[in-house]
Amino acid sequence: MRIAFVDLLFSWPPHGGGCADVYYTVLGLQRLGHEVHLFYASSADRWERGHVESGSLPFPSTRLDFTARSFTALHVQERFRSAVSAWTPDVVFLAEAFFLRPHLVEALERYPIFSRYYAYDASCPRDFRRYLNDARCPLDYLKTPNQCRRCALNGQKREIMNWQWSAWTEEFLTARAFLPGYYDRLIRSLAKSHTLIVYNEVQAELWRPYNSQIHIVPGGVDISEFTHLPLQPKESNARKTILMAGRAEDPVKGLSTLQRATARLAQTRSDFEVWVTVPDHRLNTEHLKAVGWQDHAHMMRLYEGVDICVVPSLWEEPFGIVAVEAMAVGRPVVASRVGGLQMIVREGETGLLFEPDDDEMLAQHLSTLLDDFDLGRRMGDAGRKRAETEYDWQRIIERHYPVILGGVGK
Amino acid sequence: MSDVRQICVFYSQGPHFERTVRCIKERHPSAAVTTIVPKGYPFPETLRSDVQEIIETKLIHYSIQDVGSSLRLVRNIRRARFDLFVTMFDSPQLRLLAALTGARAAAWVRVDGGYFEIPTSFLAALFCAVFRGLVGRATYALLWVIIRCLPVRAAKS
């Protein structure tokens, strides 16, 4: 099968989880024997769009160049329509795009379209998170469009007023997402897509009323990049370490919960230290240490040196790649029961779950693992096994995509 | 500019910091490069030999609203008397900063490695920032009216 991948935000090396997802999906399908081709937008004026290191892609690709001026909805549609049509694919895989996704669906509607969603874009035009005022937002743009449009404009107020914006706001303006017609376009695009591919059941439930053909495909890691280092007992006087990785400075990631849990733990014990990958050293306490942002290589070493990993996210984390990375190294994971995380962590088997924002339960779970080395080791080993069997990219592709692509023409 | 001896590269969040430093080093191989990065920034090991000094600011996210820190930053940059001030983006705020640093010249390096000079006139930078601010506010007001006056009818799923 000839599969054209279309992406408005692809870069390699990646600047986010979406790019890695696209890269490994294209690569995996190529390895399964499909003919693949990636068409991606590039703009010298935008760091988020199409900056690919020369010779870094092991599959064929075409870069479509835009400038800030030429990046209009019509032009994007025309360029992708003509480039993709010239390659004559059997199906189109629509990867990363924000507000222009419906326009791309329209431009390529003569092909079966597999539309991959990486967050809650279709339900939250503010910032794709459905998280507002320190709480998960119950609204859904598809059901409450007027409230969500107002919220979206409010969320982008500063960027628009300063006349300087991110790719998200660029597409909001380019796609005229503030006009009523955009809403109908979005609904039509959901319905017109052959299949919607999502990360978790929350996304699936939101969009199933508009397209019943939904597949949940998790994200993953290249397991060969991660060495399994079984948990080792610490010397009796050494502190055990707990790691919160990822963009911990982002309020939705739940650092505040971990801080409160750390304070609770510190009341009863002193044999632990919490490391957080934020650069703000003002957060440091006797038991909490900000270790700064880490690049990929340092991150690996950090995982290997810790005893427990925590993912205390407050929003409905679409997937939760840091949990998989920790599991791949062989560390037990304590995560909040949200979005994709509750799917990744098998409660009692590869880690422990707690309700988001419940610092008391988090402290209890951490205490359990600090006290019981064997339990932590068993969970870490089980986590590695689960990462190998469930979250290795090639296995994900082999397990899901023959079924998904097999539905074409039915 | 063959007499460029002291260069300051000012970090902003973006994927091309390394490329920016390299581009500057290629253009001015004998100049001393100082970088200003946010505290905790994992400085690429591969760049250390190209850089004479790394200054970590207390600002984690540069924000013009953090007036005190911004002024301290500008004062420190002015003291160093750089010949060239380099940014990773072109924006009214960065143009203002470039004008305030007192550097003899300023430039920005695009994500693809393109090199562009920035005028160092403070008045021009101020005019540009004000003009864009006005256009932005007018646009926001228009969108506000559109969203309130043209409601959407929710679809039946």
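The values are calculated or read from the model by the stated rules, or taken from the named source; none is laboratory data. Values in this document were obtained by computation on a predicted structure and should not be read as measured data. Please note: Cβ atoms are built from the backbone with ideal geometry, for glycine as well, and neighbour counts cover all protein chains shown. Note: areas computed on protein heavy atoms with side chains; ligands, DNA, RNA excluded. Shrake-Rupley method; radii C 1.70, N 1.55, O 1.52, S 1.80 Å.
For peptide A:151-162, what's the mean number of Cβ atoms from other chains within 10 Å of each residue's Cβ? Before the final figure, lay out the partial values.
On the way: counts 0, 2, 6, 3, 0, 2, 5, 2, 2, 10, 10, 10.
Per residue, the number of nearby Cβ atoms from other chains is 4 on average.
Quick check on region B:6-149: what does the Kirkwood estimate of hydrodynamic radius come out to from the alpha carbon pairs, in Å? Working shown, then result.
Values: mean 1/r = 0.0618 Å⁻¹.
About 16.2 Å, per the Kirkwood formula over Cα pairs.
Below 8 Å, C-alpha to C-alpha, sequence gap of six or more: please give me the relative contact order for chain A in percent. Don't skip to the end; give the middle numbers.
On the way: 788 pairs, mean separation 55.6, N = 410.
With pairs under 8 Å counted, the relative contact order is 14 percent.
State, to one decimal in nm², a quarter of the convex hull surface area for the C-alpha atoms of chain A, i.e. the direction-averaged projected area.
Numbers: hull surface 78.3 nm².
Projected over every direction and averaged, the Cα hull of chain A covers 19.6 nm².
A:D374 to B:R104: FRET efficiency via 1/(1 + (r/R0)^6), r the Cβ-Cβ distance, R0 51 Å, to the nearest 0.05?
Approximately 0.20, to the nearest 0.05.
Roughly speaking, what % of Cα-Cα pairs in region A:238-304 are separated by over 19 Å, rounded to a whole number?
Values: 641 of 2211 pairs.
So the portion of pairs separated by more than 19 Å is 29 percent.
Order B:F43, A:F128, most accessible first, counting only protein heavy atoms with a 1.4 angstrom probe. Can you show the working numbers first?
Working: B:F43 15, A:F128 60 Å².
Putting B:F43, A:F128 in descending order of accessible area: A:F128, B:F43.
Modelling each spin label as a point 7 Å along the Cα-to-Cβ direction, I'd like the B:D3/B:I54 distance in nm, to one decimal.
Inter-label distance under the simple model: 3.3 nm.
With loop defined by DSSP as not H, G, I, E or B, and exposure as at most 11 other Cβ atoms within 10 Å, which is the longest segment of chain A clear of exposed GluC sites (Glu not before Pro)? Could you put the intermediate results ahead of the total?
Values: sites that count: A:E53, A:E235, A:E286.
Segment A:54-234 is the longest.
When we measure straight from the Cα of A:K234, which aspartates and glutamates land under 18 angstrom away, once same-chain ones fewer than 8 places off are left out?
Cross-link targets: A:D271, A:E273, A:E304, A:D307, A:D371, A:D372, A:D374, A:D381.
Once the Cβ-Cβ distance between A:T62 and A:S256 is put in as r, and R0 is 35 Å, what FRET efficiency do you end up with, to the nearest 0.05?
Numbers: r = 45 Å, r/R0 = 1.27.
E(calc), rounded to 0.05, equals 0.20.
DSSP loop (so not H, G, I, E, B), at most 10 other Cβ within 10 Å: list which chymotrypsin sites (Phe, Trp or Tyr not before Pro) in region A:31-125 pass both filters.
On the way: sites: A:F39, A:Y40, A:W47, A:F66, A:F71, A:F80, A:W87, A:F93, A:F98, A:F99, A:F114, A:Y117, A:Y118, A:Y120; in loops: A:W47, A:F71, A:F98, A:F99, A:Y117, A:Y118, A:Y120.
Those that pass, being in a loop and sparsely packed, number zero.
Would any residue of region A:292-307 have its amide N under 19 Å from a label point 7 Å out along Cα→Cβ of A:E235? List them or say none.
The answer is A:305-307, whose backbone nitrogens lie closer than 19 Å to the label point.
How would B:L126, B:L143 rank on accessible area, largest to smallest, probe 1.4 Å?
Details: B:L126 70, B:L143 5 Å².
Reading off the accessible areas and sorting them downward yields B:L126, B:L143.
Can you give the average number of partner chain beta-carbon atoms within 10 Å of each beta-carbon in peptide A:177-184, as a whole number?
Values: counts 1, 6, 5, 6, 2, 1, 5, 3.
So the per-residue partner count for this stretch is 4.
Counting only C-alpha contacts under 8 Å and six or more residues apart, can you give the relative contact order of region A:196-282 as a whole percent? Walk me through the numbers on the way to the answer.
Working: 65 pairs, mean separation 23.1, N = 87.
Over region A:196-282, the number comes to 27 percent.
Could you check the spin-label model distance between A:E388 and A:L283? Points 7 Å from the Cα along Cα→Cβ, value in nm.
A separation of 3.3 nm, rounded to one decimal place.
What are the residues of region A:269-317 that lose 30 Å² or more of accessible area, with a 1.4 Å probe, going from their chain alone to all protein chains?
A:P279, A:H281, A:W293
Taking a 1.4 Å probe, which of A:I3, B:I146 shows the most accessible area, and what order do the others take after it?
Result of the area sort, largest leading: B:I146, A:I3.
How much accessible area is lost when chains A and B come together, counting both sides, with a 1.4 Å probe, in Å² rounded to the nearest 100? Write down the numbers at each step before the final one.
Values: alone 17560 and 10270 Å², together 24490 Å².
Its buried surface, counting both partners, is about 3300 Å².
Once you've got the GNM for chain A with C-alpha springs shorter than 10 Å, pick whichever of A:M161, A:M327, A:M379 has the biggest mean-square fluctuation.
Fluctuation is largest for A:M161.
State the extension gain, in nm to one decimal, for the chain segment bounded by A:E355 and A:R150, taking 0.36 nm per residue of separation less the distance between their alpha-carbons. Present the calculation step by step, with values, prior to reporting the outcome.
On the way: separation 205, 0.36 × 205 = 73.80 nm, distance 3.02 nm.
Additional length available on full extension: 70.8 nm.
Considering the alpha-carbon set of region A:3-130 alone, what are its Rg and its Dmax in angstrom?
According to the Cα coordinates of region A:3-130, Rg and Dmax are 13.7, 39 Å.
How many partner chain Cβ atoms sit within 10 Å of a residue's Cβ in peptide B:148-154, on average, as a whole number?
Details: counts 4, 0, 6, 5, 12, 5, 9.
Partner-chain Cβ atoms within 10 Å, mean over residues of B:148-154: 6.
Going Cα to Cα from B:K156, which aspartates and glutamates come in below 17 Å? Please leave out same-chain ones fewer than 8 positions away.
Straight-line reach from B:K156, under 17 Å: A:D140, A:D184, A:E205.
First measure r as the distance between the Cβ atoms of A:A266 and B:E18, then evaluate 1/(1 + (r/R0)^6) with R0 = 45 Å and state the FRET efficiency to the nearest 0.05. Kindly include the intermediate steps, with their values, before the conclusion.
Numbers: r = 39 Å, r/R0 = 0.87.
Given R0 = 45 Å and the Cβ-Cβ separation, E is 0.70.
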